[in-house]
Structures are given as C-alpha cells and as structure tokens.
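Participant: First, the structure itself, so that you have it in front of you.
The values are calculated or read from the model by the stated rules, or taken from the named source; none is laboratory data. Please read these numbers as outputs of a predicted model, since none were measured by experiment. Heads up, the Cβs are rebuilt from the backbone with ideal geometry, glycines too, and the neighbour counts pull from every protein chain shown. In case anyone asks, the SASA skips ligands and DNA or RNA and just uses the protein heavy atoms, side chains included. Shrake-Rupley method; radii C 1.70, N 1.55, O 1.52, S 1.80 Å.
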Amino acid sequence: MKKIVLVTTLLCAPAVMAHSDNAQSISFNSDQCNVEFKNDVRIKPNELEIFTTNNKTMLFNNGGELTINDRVIALNNEQRAALTHYADRLRTQLPEVASIALEGVKIAGVALEEVATAFNIDGFENIASLMDDIKLEVENTFYQQGTFVMGQQSFNQFGENFSQQFEQQIETAVESAVMQSMGSILVALGSELLGSGGDMQAFEQRMENMGAQIEQKVQHHASSLEKRANALCASFTEIAEQEQQLVTELPALRGYQLFSVKNTSHH
C-alpha cells in the first residue's frame with residue numbers, strides 16, 4: 001500500500017508543478033502592486049499615447065510635442081523636460097512586465113523539464129511546444145504590430161485569465177505525457193528502488209532528495225523573479241507620484257494618468 005501511495009505521489013508531481021508558486025510567478029497582476037492602471041498606453045518608437053476608457057487620447061512624441069484629443073498643447077521648457085522624463089520612464093519600466101511574464105514561462109518550463117528528465121517522461125516535446133505557444137501568447141498580449149500595449153484591461157486580463165488558462169493547458173499536457181510514459185516511469189522508479197538495495201526507506205529518501213534538488217534549482221530563479229516584480233511595483237508607485245506632480249505642473253494632463261495608488265489603510 002505504501003508503495004502504491006508513493007508511486008501515485010510521484011506521478012502527480014508534474015501536475016503539482018503546474019500549480020506551484022513557480023508557475024504562478026507568471027501571474028504578475030495589479031493585486032500584487034500598490035497601484036492600479038486607470039488608463040491604457042501604447043508605446044511606439046517615436047511616440048507615447050495614453051488613452052482613456054471613453055477614447056480620449058494624450059499623445060507625446062519624441063519631438064517634445066504634446067497633443068490632447070488632436071489639440072496641440074503649448075509647453076514651456078520645464079514642462080517639456082518633465083514630460084520627456086516621464087515618457088522615458090514608461091518606456092523603460094512598462095516592458096519589464098512582459099519580461100517578467102516571459103521569465104515566468106521559462107521557469108515553469110525548467111520545472112517541468114526537470115521532472116520529465118528525472119522520471120524519463122516521453123512526450124515532453126509536446127510540453128515544450130506548449131511552453132513556446134504560451135511564450136508567444138505573452139508576447140502577443142503586450143506587443144502588437146511593433147507597438148507595446150498595456151493598461152488596466154490587458155494587465156488584469158493577463159493576470160487572471162491567462163494564469164488560469166496556463167494552468168489548465170499545462171496540466172492537460174503533463175497528464176497526457178505521464179500516461180504515455182507510464183512504462184518508463186515505472187522502470188525509472190524500479191531502478192531507483194534497486195539502487196536503494198530494495199530498502200523502501202532509503203528509496204523514499206532518494207526520491208525526497210531528487211525533489212529537493214529540483215525545487216532548489218527552480219526556487220532560485222523564482223526568488224530572483226519575485227525580487228524583480230517587487231522592484232517593478234515600487235517603480236510603478238514612484239511613477240504614479242510623478243504623474244501627480246505632472247498634473248500639478250500641467251493641468252491639461254488631468255484624467256490621463258496611467259496609474260492610481262491604492263488605498264491600503266485597511267491592511
């Protein structure tokens with residue numbers, strides 16, 4: 001009975017990986033930050049455009065020209081410099097969300113590959129192909145025809161729906177690979193048991209050590225990614241404060257702020 005339970009646990013390991021914190025690192029959404037997206041943004045090589053839910057637009061180009069709803073707004077040198085600095089920060093920081101998401105996909109792939117290798121799971125190419133599809137989906141979420149697109153809708157949709165879809169796809173692919181490889185998995189388990197001299201306790205210890213090694217390898221990457229996400233959240237908060245200052249200096253920008261700081265008094 002103990003053997004059956006152990007084998008079942010091991011066969012479930014890949015599915016558990018799909019639900020682990022490492023997979024969840026992809027879900028970098030507004031719940032984890034102290035800011036919320038109010039509007040959406042499009043970043044092109046030569047211009048930055050912020051548009052509201054009722055389709056009003058603010059456009060600032062590399063020539064330092066500000067246009068709000070097709071009306072050119074006169075700027076003095078200080079206003080232009082402040083707006084340029086703001087646009088530069090958005091160009092630098094916002095694509096980091098996509099970068100973190102893509103790194104999350106990569107980490108999840110590493111976790112699954114480690115498990116597949118440890119138990120000689122065939123059909124891993126299907127999982128690898130799925131990871132490539134997910135990576136492409138991430139890229140297409142944020143990059144559309146050479147334009148970086150992001151905002152309240154895409155940010156939250158990516159965080160909630162994508163994470164759920166990601167888990168379901170991974171779990172299905174892993175279950176399929178496990179079923180295809182049942183024979184080789186049992187051979188691998190038998191080999192490990194023989195390597196332990198038939199000692200069930202020693203066998204369990206070997207399995208635990210293997211799991212710990214995989215977890216350690218993945219956790220290192222996941223921790224690094226979490227630090228990046230936390231740093232990005234802090235940066236977004238700074239940008240939100242910068243926006244408030246911009247609105248004070250240039251009232252025409254009111255209503256076009258990208259971020260709002262959450263009220264965290266209830267925490």
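Participant: Could you order 75, 94 by accessible surface area, starting with the largest, using a probe radius of 1.4 Å? Before the final figure, lay out each step's value.
Facilitator: On the way: 75 30, 94 0 Å².
Reading off the accessible areas and sorting them downward yields 75, 94.
Participant: Let me ask something else about it. Which trypsin sites (Lys or Arg not before Pro) does segment 41-130 hold that lie in a coil by DSSP with at most 13 other beta carbons within 10 Å? Let's see the in-between values first.
Facilitator: Values: sites: 42, 56, 71, 80, 89, 91, 106; in loops: 56.
Counting only loop positions with at most 13 other Cβ atoms within 10 Å, the trypsin sites (Lys or Arg not before Pro) in segment 41-130 are 56.
Participant: What pairs from 44/217; 44/106; 56/262 go past 29 Å between their alpha carbons?
Facilitator: 44/217
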